[in-house]
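This report refers to the structure that appears directly beneath it.
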Amino acid sequence: MSSSTPAATVQQRSTVRWVVTIAALALLFDGYDLVVYGTVVSTLLADPSHLGPLDAAQAGALGSYALVGVLVGALTTGAVGDYLGRRRVMITGIVWFSLGMALTALASSALVFGVFRFLTGIGVGALVATAGAVVAEFAPAGKRNFYNAIVYSGIPAGGVLASLLALVLLEPLGWRGLFLIGALPLLVLLPMALLRLPESPQWLAARGRLAEAQALAARTGVVLVLPAAAPAAPAGTVRKESADDAAARRVGFAALATRRYALPTLLLGLMSFSGLLLTYGLNTWLPVIMGQFGYGPEFSLTFLLVLNAGAIAGGLIASVSADRLGPGRVVSSTFFLAAVAMVALTLQLPFAVLLVLVAVAGVGTIGTQVLIYGLVSNYYSANARGAGVAWCAGFGRLGGIFGPLIGGFLIAAGVENETAFYVFAGVAVVGALVTMFVPRRRGSDAGSGPGAGTGTGAGSVAGGAAPVQETESPAPA
C-alpha cells in the first residue's frame with residue numbers, strides 16, 4: 001500500500017460524510033413536511049379564519065394532496081433522473097420543496113393550500129427517490145445499508161421534529177410559522193449542496209463520460225467501478241444479446257422493463273407498497289386504535305414518538321446486520337417482527353410492555369421501509385438506479401395512501417379494535433413473503449443482492465490515492 005493511501009481514505013470519507021449529511025438533512029425536512037400538517041389540522045378545523053370553513057372530509061383530502069404529489073414527483077424523477085444526474089435532481093428538489101413550503105405558509109384559502117401541498121409533495125418525491133441512488137454510488141462497500149439507513153431515518157426523525165416543534169411553537173408562531181420552518185433548506189441546505197455535493201462519478205461513467213468520471217473520482221477519492229465490455233463473438237458467429245446486455249444498454253425506466261429487472265422491480269415495488277402502507281397506517285391510526293383500548297388523547301404523542309424513535313434506532317441497528325447478512329434476510333425478519341408485535345399489542349399487557357411492542361412495531365414497519373430503500377438503491381446498476389428507487393418510492397406511495405384509508409374504513413365500520421392490528425400484521429407477513437422471492441443480483445454485483453452478504457468479490461475494492469477502476473463482467477444469460 002502506498003504512503004498516499006491514508007490521505008485518499010480521508011478524502012473519500014470526507015466526501016461520503018458530506019453526501020450523507022446533505023441527503024439526511026433533505027429527508028429530515030421531507031419527514032417534517034409530511035407530518036407537520038397533522039400537527040396543525042385541528043387548528044385549521046377549529047378556526048375558519050385561516051383557510052375558510054373545513055370539515056373532516058375536506059381536511060383529509062388536503063392531507064392526501066402532498067402524498068399524491070410525492071407519487072408524481074418520484075415517478076417523474078425516475079423518468080428523467082438517470083438522464084439528468086443525481087446532483088441536479090437533488091438541488092432542484094431542495095429548491096422546489098422549500099419554495100412549496102414557503103408558499104403554503106402564505107395560502108389564504110383551502111384551494112390554494114391544497115395546490116401548494118401537492119406541489120410541495122413533488123419536491124419531496126424527487127428527494128426521496130434520489131437520495132438512495134446518491135448514497136449507493138458514494139458509500140463504501142460494506143456500509144451502504146448503514147449509510148442508507150442514516151439518510152432515510154431522516155424521514156421519521158423529521159416527523160418527531162415536527163411533533164415536538166408543534167408542541168412548543170404552534171401557539172406563539174401559528175401554523176404558518178411551522179410551515180415557514182420547513183422552508184429553511186433554501187437558506188441552509190441549498191448553499192451546502194451547491195458547495196459540497198458532487199455529481200456521482202458512477203453516474204458519469206454510466207453515461208459514457210469516462211474522462212469526467214475519472215477526474216471527479218480522483219478529486220473526491222470515490223472508487224469508480226467501470227462495466228466490462230461485452231465479450232466479442234467468434235468470427236463467423238452471431239452473439240445473442242443477453243438480459244444483462246439489454247439492461248446495461250437501456251437507461252431509466254426502459255432498463256427496468258428488461259428481462260433482468262422486470263420481475264425484481266415488481267417484487268421490490270410490492271415490498272415498498274407493504275412497508276409504506278404499514279408506515280402511514282400506523283402513524284395515522286395508532287393513537288385511535290390504542291384509544292379504543294382505553295388510552296386517552298394524552299397518550300397519542302407518546303405512542304407516536306415511541307413508534308418513530310423505535311424505527312430510527314432499530315433501523316440503524318438492523319442496517320448493520322443488512323450489510324453483513326444481506327438486506328433481504330433482514331427485511332424479511334423485520335417484517336415478521338412487526339407482525340408478531342402487532343398481534344401482541346392486542347393482548348392485555350402492562351403499559352411498559354406495550355411501549356416496547358410499539359417500538360418493535362416501529363422497527364418492523366417504518367424501520368423496514370428504511371431498509372427497503374437501501375436494498376433497492378443497491379440492487380440496480382447505475383443506469384437504472386434512479387428509476388429503480390423512484391419506482392420503489394412512487395409505487396410504494398400508493399401503499400402510503402391506502403394505509404390511512406384501510407385503517408379509517410375498519411374503524412368507521414365499527415369492527416373490533418383488534419381487527420386493525422390483525423390486518424396490518426397480515427400485510428407485514430405478505431411483505432416478508434414477497435421479500436423472500438426477490439432474486440439475488442447476478443454476476444459481480446451479487447454481494448449487494450437481497451440475500452447476499454457484503455462479500456469481497458470483484459465489486460469490493462479499497463480506496464487508494466487514485467480511483468481504482470474495476471470491471472464488472474456480465475452475468476450469464
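May I ask you to list the residues in the range 121-153 that are surrounded by 24 or more Cβ atoms within 10 Å (Cβ to Cβ) and of a type in the set (D, E, K, R)?
GLU137, ARG144
Restricting to the range 106-118, give me the number of residues that are buried (at least 19 other Cβ atoms within 10 Å of the Cβ) and either among the hydroxyl-bearing types (Ser, Thr, Tyr) or in contact with a helix residue (DSSP H, G or I) (Cβ under 6 Å, 6 or more places away or on another chain) (or both).
Matching residues across the range 106-118 total 4.
So, LEU54, is that one modelled with pLDDT of 80 or more and surrounded by fewer than 23 Cβ atoms within 10 Å (Cβ to Cβ) or not? Step through it out loud before you land on a result.
Values: modelled with pLDDT of 80 or more: no; surrounded by fewer than 23 Cβ atoms within 10 Å (Cβ to Cβ): yes.
No: the conditions fail for LEU54.
Conditions tested, residue by residue: (1) in a helix (DSSP H, G or I); (2) among the aliphatic types (A, V, I, L, M); (3) touching a residue at least 60 places away in the same chain (Cβ under 8 Å).
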residue: MET342; (1), (2), (3): yes, yes, yes
residue: GLN348; (1), (2), (3): no, no, no
residue: LEU355; (1), (2), (3): yes, yes, no
residue: ALA359; (1), (2), (3): yes, yes, no
residue: THR365; (1), (2), (3): yes, no, yes
residue: VAL370; (1), (2), (3): yes, yes, yes
residue: GLY374; (1), (2), (3): yes, no, yes
residue: SER377; (1), (2), (3): yes, no, yes
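Across the range 117-172, what is the total count of residues that are touching a Phe, Trp or Tyr at 6+ places or on another chain (Cβ under 9 Å), β-branched (Val, Ile, Thr) and farther than 24 Å from VAL95 by Cα?
Of the residues in that region, 0 qualify.
Determine whether the range 386-408 contains at least one residue that is buried (at least 23 other Cβ atoms within 10 Å of the Cβ), modelled with pLDDT under 85 and in contact with a Cys (Cβ under 9 Å, 6 or more places away or on another chain).
The answer is no, given that none of the residues of the range 386-408 is buried (at least 23 other Cβ atoms within 10 Å of the Cβ), modelled with pLDDT under 85 and in contact with a Cys (Cβ under 9 Å, 6 or more places away or on another chain).
Taking the condition of being more than 30 Å from SER381 (Cβ to Cβ), touching a helix residue (DSSP H, G or I) at 6+ places or on another chain (Cβ under 9 Å) and among the charged types (D, E, K, R), how many residues in the range 160-206 meet it?
The qualifying residues number 1.
So THR92 clears everything in (1) over 30 Å from VAL222 (Cα atoms); (2) at pLDDT 90 or above except one condition, right? Which one?
Unmet condition: (1).
When you look at LEU267, is it farther than 22 Å from LEU354 by Cα, at pLDDT 85 or above and among the aliphatic types (A, V, I, L, M), yes or no? Give the derivation first.
Working: farther than 22 Å from LEU354 by Cα: yes; at pLDDT 85 or above: yes; among the aliphatic types (A, V, I, L, M): yes.
Yes.
Name, by its number, the condition in (1) closer than 30 Å to LEU51 by Cβ; (2) at pLDDT below 75; (3) not small (Gly, Ala, Ser) that does not hold for VAL223.
Against the list (1) closer than 30 Å to LEU51 by Cβ; (2) at pLDDT below 75; (3) not small (Gly, Ala, Ser), VAL223 comes up short only on (1).
Given (1) within 21 Å of the chain's Cα centre (by Cα); (2) of a type outside the set (Phe, Trp, Tyr); (3) under 30 Å from ARG385 (Cβ atoms), identify the lone condition not met by GLY63.
Against the list (1) within 21 Å of the chain's Cα centre (by Cα); (2) of a type outside the set (Phe, Trp, Tyr); (3) under 30 Å from ARG385 (Cβ atoms), GLY63 comes up short only on (3).
Here are some residues: ALA157, ALA193, ALA149, ALA136. Which one is within 12 Å of ASP30 (Cα to Cα) and in a helix (DSSP H, G or I)?
On the way: ALA193 fails: within 12 Å of ASP30 (Cα to Cα); ALA149 fails: within 12 Å of ASP30 (Cα to Cα); ALA136 fails: within 12 Å of ASP30 (Cα to Cα).
Being within 12 Å of ASP30 (Cα to Cα) and in a helix (DSSP H, G or I) holds for just one of ALA157, ALA193, ALA149, ALA136, which is ALA157.
Can you confirm whether PHE97 is more than 20 Å from the chain's Cα centre (by Cα), under 30 Å from ASP47 (Cα atoms), in a helix (DSSP H, G or I) and modelled with pLDDT of 90 or more? Spell out the reasoning first.
Working: more than 20 Å from the chain's Cα centre (by Cα): no; under 30 Å from ASP47 (Cα atoms): yes; in a helix (DSSP H, G or I): yes; modelled with pLDDT of 90 or more: yes.
It is false that PHE97 is more than 20 Å from the chain's Cα centre (by Cα), under 30 Å from ASP47 (Cα atoms), in a helix (DSSP H, G or I) and modelled with pLDDT of 90 or more.
Out of PRO156, PRO198, PRO191, report the one residue that is at pLDDT 80 or above, surrounded by 20 or more Cβ atoms within 10 Å (Cβ to Cβ) and not hydrophobic (A, V, I, L, M, F, W, C).
Details: PRO198 fails: surrounded by 20 or more Cβ atoms within 10 Å (Cβ to Cβ); PRO191 fails: surrounded by 20 or more Cβ atoms within 10 Å (Cβ to Cβ).
Just one listed residue meets the conditions, PRO156.
Filter the range 63-84 for residues that are surrounded by fewer than 23 Cβ atoms within 10 Å (Cβ to Cβ) and modelled with pLDDT under 80 and give the result.
Scanning the range 63-84 gives GLY63, SER64, ALA79, VAL80, TYR83.
For ALA102, indicate whether it is touching a residue at least 40 places away in the same chain (Cβ under 8 Å), among the hydrophobic types (A, V, I, L, M, F, W, C), over 20 Å from TYR280 (Cβ atoms) and in a helix (DSSP H, G or I). Don't jump to the end; show me each part of the working.
Working: touching a residue at least 40 places away in the same chain (Cβ under 8 Å): yes; among the hydrophobic types (A, V, I, L, M, F, W, C): yes; over 20 Å from TYR280 (Cβ atoms): yes; in a helix (DSSP H, G or I): yes.
When the stated conditions are applied, ALA102 passes them.
Taking the options GLY275, GLY281, GLY291, name whichever one is part of a helix (DSSP H, G or I) and surrounded by fewer than 23 Cβ atoms within 10 Å (Cβ to Cβ).
Values: GLY275 fails: surrounded by fewer than 23 Cβ atoms within 10 Å (Cβ to Cβ); GLY281 fails: surrounded by fewer than 23 Cβ atoms within 10 Å (Cβ to Cβ).
Result of the check over GLY275, GLY281, GLY291: GLY291.
Just to check your reading of the model, which residue among VAL134, VAL89 is closer than 16 Å to CYS392 by Cα, touching a residue at least 60 places away in the same chain (Cβ under 8 Å) and of a type in the set (A, V, I, L, M)? Steps first, answer last, please.
Values: VAL89 fails: closer than 16 Å to CYS392 by Cα.
So the residue among VAL134, VAL89 that is closer than 16 Å to CYS392 by Cα, touching a residue at least 60 places away in the same chain (Cβ under 8 Å) and of a type in the set (A, V, I, L, M) is VAL134.
Among what's in the range 431-442 and is buried (at least 17 other Cβ atoms within 10 Å of the Cβ) and of a type outside the set (Ser, Thr, Tyr), pick the residue that is modelled with the lowest pLDDT.
Step one: filter the range 431-442 for residues buried (at least 17 other Cβ atoms within 10 Å of the Cβ), giving 431-432, 434-435, 438, 441.
Filter again for of a type outside the set (Ser, Thr, Tyr), leaving 431-432, 434, 438, 441.
On the way: GLY431: 93, ALA432: 93, VAL434: 92, VAL438: 89, ARG441: 68.
Step by step, filter the range 431-442, then rank; the result is ARG441.
I'd like to know if the range 162-180 contains one or more residues that are more than 30 Å from PHE299 (Cβ to Cβ) and either buried (at least 21 other Cβ atoms within 10 Å of the Cβ) or in contact with a Cys (Cβ under 8 Å, 6 or more places away or on another chain) (or both).
Looking for residues that are more than 30 Å from PHE299 (Cβ to Cβ) and either buried (at least 21 other Cβ atoms within 10 Å of the Cβ) or in contact with a Cys (Cβ under 8 Å, 6 or more places away or on another chain) (or both), one finds none in the range 162-180, hence no.
The values are calculated or read from the model by the stated rules, or taken from the named source; none is laboratory data. A quick note: this is a predicted structure, and the numbers were derived from the prediction, not measured. All Cβ positions, glycine included, derive from the backbone under ideal geometry; neighbour counts span all protein chains shown.
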